[in-house]
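In what follows, a single structure is set out as structure tokens and then discussed.
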Amino acid sequence: MSKRKPCLVIIFLACLLNPLESQAPDLEDAARAAAGWHLPAEAPVSSATGILAESTALGCEEIPGLPLPDPLMVTRFEFARPDASFAVHVTADGALAQVCDERFSSLGNGVQPAPRDLADSDGDGIRDSADACPQVAGSFSAERSGCPQPSRADKDGDGTTDARDRCPAQAGAAAADGCSLMRDADGDGAPDHADLCPAQVGVIEEDFALGCPRDGSGKSSQARELGDLCQIIGTDMPVYASPDAGVEVSAHVNSATVLGISAALDWLQARDGWLKAEGGRLHGACFNIPLVHPPPDFSGCYMRPGGNFVNIRQAPHGKLVARLQRQEQVAVLGMNADGSWLFFREGWASRSALELTGDCALLPILNPARAASGVLRFCPPDYAGFLPPRIKPGLANARVVSGEYNNRLRAAPEYAAELIGEIPAGSLIDAVLDGPACQAPYVWWQVRSGESVGWTVESDIKAYHYYLAPVEADSADGDSAFIALSQETAAAHRLIHSANIASPQVLAGLSIPAPVDVAWSARGERLAVLSERGEVRLFSGPDFAQPGQTLDFGGSVSAMAWSPDGDWLALGDSDGSIRLLDLAALSMLGLGELAGPVHGLAWSGMGDNLGAISGDEALKLARRAGMLKLWRIDRAEPEASDLLAHYHTPYPLTALAFSFDGQWLAVSGESRSPGRAALWIVASGSGELAYSKALIPSDGQAMVIAAPAADLGDFVYSSGDSLWALDLGGADRRFYHQAGAIVTSAAFRRQSLPGAESLLALAALSPNGERRLSIVNALNPHSPRADFALAPAGLAFSPDGRSLAIAEPSGDRVIVLGAGGE
């Protein structure tokens, strides 16, 4: 491995800039953090040698580092060790740092994020250690720095003005265009894991129920403890004998404990009477407040446990199916003949164990044998992967579309649930009670029809058909106007991140027979698609308006990879040959060949190395085992490139990847018949085998990809039903696990900021044979997760992180997704 020192050009003297001494302490901390355990605690800083001007790649001569969108000022620090010295480059704001010495193998993690004490979890530019609201983006303030500071130009107070904020009603991070980087289902700026009312838009205020509505209407799965109080605070507030401004005022108070709230949220019940909600300000644990005199709905009756909980049974005196906790208040849907048992969507509860509010005198009588419970399955944001509902809860407001076929009524919102009845063709439904519930590919609603209560299907996205329609709609045949592919090209200009991927826009739908892989060119202007029949088609981005160009190479391509500069497309054939396609000259150059079909190709980040793997368990013994070849590419004369490594492995190789810094090449391999799998790592400079380890088999799907962030080490590999981060200088760490599932394909989006989220798209095969696409932040379990009913064979984020290409052979299509929602 080369030991050349980086050539640094210093164009400004430190004394001519704002004093380096004023910056050096913070930057030195960042430099030491990047050096990590390689730097002894007593190691002094040899020098801070100055500022590098107009640097657009933070790195060294042989470590490319991170390409920067704009030139940045960079300080170089030199550190001494007993056996050597090395340097660290740090940007002027201390946000990015790069270790610069190739002699230390595990300094190859590329750009390092700040350590946790320097981290900025919410992305607001204020370090967690100085942020009074580290989970919610805010702005600088003398008193509560890092908390939302609303203003006329920035209503959510996150530091991104409304004119530039894509989520102006929700505090978010500048890196995400003003949207939240953490899971926040209700969009109020309070992350779900800290939000007391995660399903309702609320406020973020000191000494108030975090994330709950200001009016006290908040509902939460979290119980209010006996000592939790909600108070109304004001000045000389009148107390009324009843919730009527016309009755006598009995007293005036400055504060009172809230015991209940009216259905219209305009009156609060206290111990000594009633107060107008608008007369003061709520303070404290203001969620799950009992509802007094609820509005007439289907029944106008609500129930809550009289004690800590109530048992919910499948039928009166029947099997226990759930418990209703004391913080929960639910609508009663009906009762049995003598009124001793009450029914709601999850089952039956004994009247004697309940507290009732509202008008419960006119509850419908239901037949327990035909009133089915079912726990609601929540639908994804914007109903991604489902047809959007057209009906809503209400009385006699929906009907069965078909005039010929009945709609089936089931015990739970799933196709395999017990059939308990049918709704006659063309009939009006008595009441839509609850829902929607989503279970691919159906959207379900709980309805009442006669004496029966159960779940019925509204729509099926596979058939693009609605079975129920609102009574106001003119939809005689029930056909959907749903458009599967919406050309939202504006979304292509937004970064995909965890807060907007749950409701993506489909930028393009490319019809291709059995696509198995996708790959973006270096600048994202071309998308290459490989089909099962061995054809490669090139499409022009970002709008894909022109039809793809089919490339005819006189062979059957089985693997492909773009060079980092986008000038060449490396192609591997099913006969084992490897060629380089010069896109400018449209000429083909031969590089070499492997034994057996080429399974994968990979370029190093600098484009100076190309790796290829082969092996196929279905072939005869001579071509079954795996083979790895690694070339140092001669760009002037590729046919004369040096072969650095040529390894045979005991079983077929399945995947390969270069580390971010290009120093290492990792390959995975697996044999189904012996049930063995392994990972090997080769030094790309010398071709020497440096590391190997056994893996848990995953049905021939062993996989390795380059880690995009130092927090995930050098590589990410699959082992059994888990994904692991491999740091060549430290211990492995499991960061993803789905019991019994197998990850079949995965791709990382390039990090937008060091220390920010590492967005991972992965295709998995569940134990029951279901295939799903999931998108997660590999660094934060609290961040949003999106799941889609897709079966990808290949995945690829565009280099700018604004598009995700998905090859789905079962649908004969490639889908290109962009950022959607807010």
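The values are calculated or read from the model by the stated rules, or taken from the named source; none is laboratory data. This is a predicted model, so every value here is computed, not measured. Cβ: placed from backbone, ideal geometry, glycine included. Neighbour counts: every protein chain shown. Areas reflect the complete protein model, heavy atoms only, side chains present, ligands, DNA and RNA absent. Shrake-Rupley method; radii C 1.70, N 1.55, O 1.52, S 1.80 Å.
Divide, for segment 198-242, the radius of gyration over alpha carbons by 2.2 N^0.38 Å, where N is the residue count. Don't jump to the answer; show the numbers that get you there.
Details: Rg = 12.8 Å, N = 45, 2.2 N^0.38 = 9.3 Å.
Cα Rg divided by the expected 2.2 N^0.38 Å: 1.37.
R152 to R635: FRET efficiency via 1/(1 + (r/R0)^6), r the Cβ-Cβ distance, R0 45 Å, to the nearest 0.05? Show your work: numbers first, answer last.
Numbers: r = 57 Å, r/R0 = 1.26.
Given R0 = 45 Å and the Cβ-Cβ separation, E is 0.20.
Subtracting the Cα-Cα distance from 0.36 nm times the residue separation, let me have the gained length for L356 to L428 in nm, one decimal. Spell out each step's value before the answer.
Working: separation 72, 0.36 × 72 = 25.92 nm, distance 3.01 nm.
Result for the pair: 22.9 nm of gain on full extension.
In nm, what is the difference between 0.36 nm times the number of residues separating K392 and D244 and their Cα-Cα distance?
50.0 nm
Residues in segment 503-528 near a label at D812, defined as backbone nitrogen under 18 Å from the 7 Å Cα→Cβ point?
509-517
Using only C-alpha atoms and all pairs of different ones, pull out the Kirkwood radius for segment 640-763 in Å with one decimal. If you can, show how the numbers build up before the last one.
On the way: mean 1/r = 0.0669 Å⁻¹.
About 15.0 Å for segment 640-763.
Report the calculated FRET efficiency for D272 and E205 (r = Cβ-Cβ distance, R0 = 25 Å), to the nearest 0.05. Walk me through the numbers before you get to the answer.
Values: r = 27 Å, r/R0 = 1.07.
Calculated transfer efficiency: 0.40.
Not counting ligands, DNA or RNA, and with a 1.4 Å probe, what is T161's accessible surface area in Å² rounded to the nearest 10?
Only protein atoms counted, so the area is about 50 Å².
From the square roots a ≥ b ≥ c of the eigenvalues of the alpha-carbon gyration tensor of segment 693-822, which class results: rounded (a/c under 1.5), prolate (a/b over b/c), or oblate? All intermediate terms of the calculation are to be shown ahead of the outcome.
Numbers: a/c = 1.74, a/b = 1.10, b/c = 1.59.
Oblate is the answer for segment 693-822, as a/c is 1.5 or above yet b/c matches or exceeds a/b.
Give me the one-decimal nm value for the distance between modelled label points at D215 and N768, 7 Å along each residue's Cα-to-Cβ direction.
The answer from the label model is 4.0 nm.
Tell me the relative contact order for segment 571-615 as a rounded percent, counting alpha carbon contacts under 8 Å between residues six or more apart. Please list the in-between numbers first.
Values: 84 pairs, mean separation 15.3, N = 45.
Relative CO of segment 571-615 lands at 34 percent.
Between S556 and A322, what is 0.36 nm times their sequence separation minus the Cα-Cα distance? Round to one decimal in nm.
Residue separation times 0.36 nm, minus the Cα-Cα distance, leaves 78.5 nm.
Could you order peptides 579-590, 691-702, 427-438 by the average number of other Cβ atoms within 10 Å of their residues, highest first? Mind dumping the intermediate values first?
On the way: 579-590: 14.0, 691-702: 17.2, 427-438: 21.3.
Those peptides, ordered most packed to least, come out 427-438, 691-702, 579-590.
Taking the simple approach of a point 7 Å from Cα along Cα-to-Cβ for both Y405 and A463, what is their distance in nm?
In this crude spin-label approximation the distance works out to 0.3 nm.
May I ask you to give the solvent-accessible area per residue for segment 134-184, in square angstrom, as obtained with a 1.4 angstrom probe?
Working: 2450 Å² over 51 residues.
Spelled out: the 1.4 Å probe surface of segment 134-184, per residue, equals 48 Å².
Where the accessible area of segment 296-455 is counted over protein heavy atoms with a 1.4 Å probe, how much of it, in %, is carbon and sulfur? Write out the running numbers ahead of the final one.
Details: 3570 of 7220 Å².
Carbon and sulfur together cover 49 percent of it.
If you project the alpha carbons of segment 509-655 onto their three principal axes, what span does each projection cover, largest first, in Å?
Principal-axis extents of the Cα atoms in segment 509-655, largest first: 46, 35, 25 Å.
Label-point separation (nm) for I696 and D543, each offset 7 Å from Cα along Cα-to-Cβ?
About 4.9 nm, to one decimal.
Give me the percent of the accessible area of segment 657-749 that comes from carbon and sulfur atoms, probe 1.4 Å, all protein chains in place. Before the final figure, lay out the partial values.
Working: 1470 of 3090 Å².
Roughly 48 percent, rounded to a whole number.
How long are the semi-axes of the equivalent ellipsoid of segment 234-285, taking √(5λ) for every eigenvalue λ of the Cα gyration tensor, in whole Å from largest down? Please list the in-between numbers first.
Details: eigenvalues 46, 34, 18 Å².
Taking √(5λ) for each Cα gyration eigenvalue gives 15, 13, 9 Å.
What trypsin sites (Lys or Arg not before Pro) does segment 404-476 have in DSSP loop regions with at most 16 other beta carbons within 10 Å? It would help to have the intermediate numbers written out before the result.
Values: sites: R408, R410, R448, K462; in loops: K462.
Here the trypsin sites (Lys or Arg not before Pro) that fit, given the DSSP loop and packing criteria, are K462.
Counting every Cα pair in segment 602-699, what percent are over 18 Å apart? Kindly include the intermediate steps, with their values, before the conclusion.
Details: 2152 of 4753 pairs.
Percentage above 18 Å: 45.
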